[in-house]
Amino acid sequence: MVLSAFGNIGEVWAGYDSPPPGSSSAGGCGVVSFSTFMPKPYSQADNNTEVAPQSAFSFVASKGTFPKTITVMIKDENVPVTVTPHFDGFLVSGKIPASAKDTFIRVAITAKGPNLCERGDGWLLKVGK
């Protein structure tokens, strides 16, 4: 019974953005990362600005990311993106859908890397009218 309760420990952290401290990066997921989110993520303390519907957004995916696997979802809608080589990976750009207005949205990113390990990330934006 004790073994079955702890038998899936390796899978418990697999859904998080990074493994627990002291663990090795399993399956190549450690080489997939996202950075330089634009516009900057919404924060009541630091950046409480609104963006307009159909505004451009962008981020950088690390060079270990398989560019054809990059997907972006906003409000359960698959958003078309353009992926171009960038000096340190790939620049990914797109537009906030017109349907997203007067609300908070999460720009949700998923992509795969070596061994087809999937990694997710994203950021919060406040969209005006």
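The values are calculated or read from the model by the stated rules, or taken from the named source; none is laboratory data. Quick caveat, the model's predicted, so the values are computed rather than measured. When the accessible area is computed, the model is the full protein with side chains, heavy atoms only, and any ligands, DNA or RNA have been set aside. Shrake-Rupley method; radii C 1.70, N 1.55, O 1.52, S 1.80 Å.
Surface composition of the range 53-129: carbon plus sulfur atoms contribute 54% of the solvent-accessible area (1.4 Å probe, protein chains only, all chains present). Can you spot the lysines whose alpha carbon is less than 17 Å from LYS63's alpha carbon? Ignore those fewer than 8 places along the same chain. By straight Cα distance, LYS63 reaches LYS112.
Amide H contacts under 5 Å for LYS75: ARG106, restricted to partners 5 or more places along the chain or on a different chain, H placed in the peptide plane at 1.01 Å from N.
3J(HN,Hα) along the range 58-64: 7, 7, 10, 9, 4, 5, x Hz, from the Karplus curve 6.51 cos²θ - 1.76 cosθ + 1.60 with θ = phi - 60°, whole Hz, x for Gly and Pro. Phi angles across the range 74-83 convert, under the Karplus curve 6.51 cos²θ - 1.76 cosθ + 1.60 with θ = phi - 60°, into 3J(HN,Hα) values of 9, 6, 6, 10, 6, 9, x, 10, 10, 10 Hz, Gly and Pro given as x. Summarising the amide proton neighbourhood of TYR42: residues at separation of 5 or more, or on other chains, whose placed amide H is nearer than 5 Å comprise LEU124, LEU125, LYS126. Solvent exposure of the range 37-129, expressed per residue, is 58 Å² of accessible area, with all protein chains present and a 1.4 angstrom probe.
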